[in-house]
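Scroll down for the structure; my scribbles are underneath it.
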Amino acid sequence: MRSRSLLVNNGGRWDYEGHSVRIVTNLRAADNSAYADLYSVNLYPYNLDQNGPFPDMEQFPYVALQKGNWYAIDLYMKQNTMSGARDANGNYATANADGVYKVWINGHPAFSKTNFRWRKHPEIGVEGLWLDVYHGGVQPAPYDMHYRLDRVTVATSYVGPQK
């Protein structure tokens with residue numbers, strides 16, 4: 001999911017303030033173990049509390065995806081509230097730590113965090129679903145990679161897996 005961003009001039013350098021939240025699947029095990037076709041799942045959430053230009057990944061505990069299987073992944077996001085006085089640009093003094101991000105995989109809770117701080121301005125909100133697939137790093141992918149999506153739905157309430 002991605003929100004509208006807010007650019008702020010910090011000493012002659014424009015910095016991004018706003019957010020983008022990505023689901024990241026990591027590299028599989030390098031050996032030929034029983035875990036070779038399992039991929040860990042992480043959240044990569046740009047937010048106001050990150051240290052530096054890139055956020056820390058937050059791993060989904062006890063969750064792995066297996067190559068070749070289909071998964072129903074449901075995402076829920078609620079923006080944080082704001083309080084205090086407003087500056088000349090309309091930013092609130094305080095971004096309250098009450099933003100929510102939840103993930104279900106095949107109808108089972110996979111991740112939940114309820115203290116995100118994404119915004120200080122009331123016009124920054126969820127802009128839309130951003131379905132991009134990236135091969136991370138700076139080196140080109142060593143071979144063609146395939147990724148399939150099916151039955152993408154955007155809703156205002158929980159949908160869950162297809163029955």
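Excluding ligands and nucleic acids, what accessible area in Å² is computed for residue 73 using a 1.4 Å probe, to the nearest 10?
Accessible area of residue 73: about 80 Å².
Each residue of the stretch 150-159 in turn: what ³J(HN,Hα) in whole Hz from Karplus with 6.51, -1.76, 1.60 and θ = phi - 60°, glycine and Pro shown as x?
Karplus values, whole Hz, x for Gly and Pro: 8, 6, 7, 10, 10, 9, 9, 9, 4, 9.
Using a basic spin-label model with each label point 7 Å from the Cα along Cα→Cβ, how many nm lie between residue 143 and residue 67?
Here the modelled spin labels are 0.8 nm apart.
Kindly state, to the nearest 0.05, the FRET efficiency for residue 85 paired with residue 123, given R0 = 22 Å and r defined as their beta-carbon distance. Intermediate values should be presented prior to the final figure.
Numbers: r = 17 Å, r/R0 = 0.78.
Rounded to the nearest 0.05, the efficiency is 0.80.
Under 27 Å Cα-Cα from residue 120, which lysines qualify once same-chain neighbours fewer than 8 residues away are excluded?
Partners within reach: 78, 102.
Between the stretch 109-163 and the stretch 54-104, what's the alpha-carbon centroid distance in Å?
Between the Cα centre of the stretch 109-163 and that of the stretch 54-104, the gap is 11 Å.
If Lys and Arg each add +1 and Asp and Glu each add -1, what is the summed charge of the other residues whose beta carbon sits under 12 Å from the beta carbon of residue 100? Walk me through the numbers before you get to the answer.
Values: positive: 78, 102, 113, 117; negative: 98.
My count for the surroundings of residue 100 gives +3.
Please work out the average accessible area per residue across the stretch 48-163, using the 1.4 Å probe convention, and give it in Å². Before the final figure, lay out each step's value.
Values: 8650 Å² over 116 residues.
Counting only protein heavy atoms, the per-residue value for the stretch 48-163 is 75 Å².
Can you send over the carbon and sulfur percentage of the accessible area for the stretch 39-163, probe radius 1.4 Å, protein chains only?
On the way: 4420 of 8840 Å².
Accessible surface attributable to carbon and sulfur in the stretch 39-163 totals 50 percent.
Quick one: what do you get for the stretch 78-163 if you divide its Cα Rg by 2.2 N^0.38 Å?
Details: Rg = 18.0 Å, N = 86, 2.2 N^0.38 = 12.0 Å.
Ratio of Rg to 2.2 N^0.38 Å for the stretch 78-163: 1.50.
The values are calculated or read from the model by the stated rules, or taken from the named source; none is laboratory data. Since this is a predicted model, take the numbers as computed values, not measurements. Cβ atoms come from the backbone with ideal geometry, glycine included; neighbour counts cover every protein chain shown. For accessibility, only protein heavy atoms count, side chains too; no ligands or nucleic acids. Shrake-Rupley method; radii C 1.70, N 1.55, O 1.52, S 1.80 Å.
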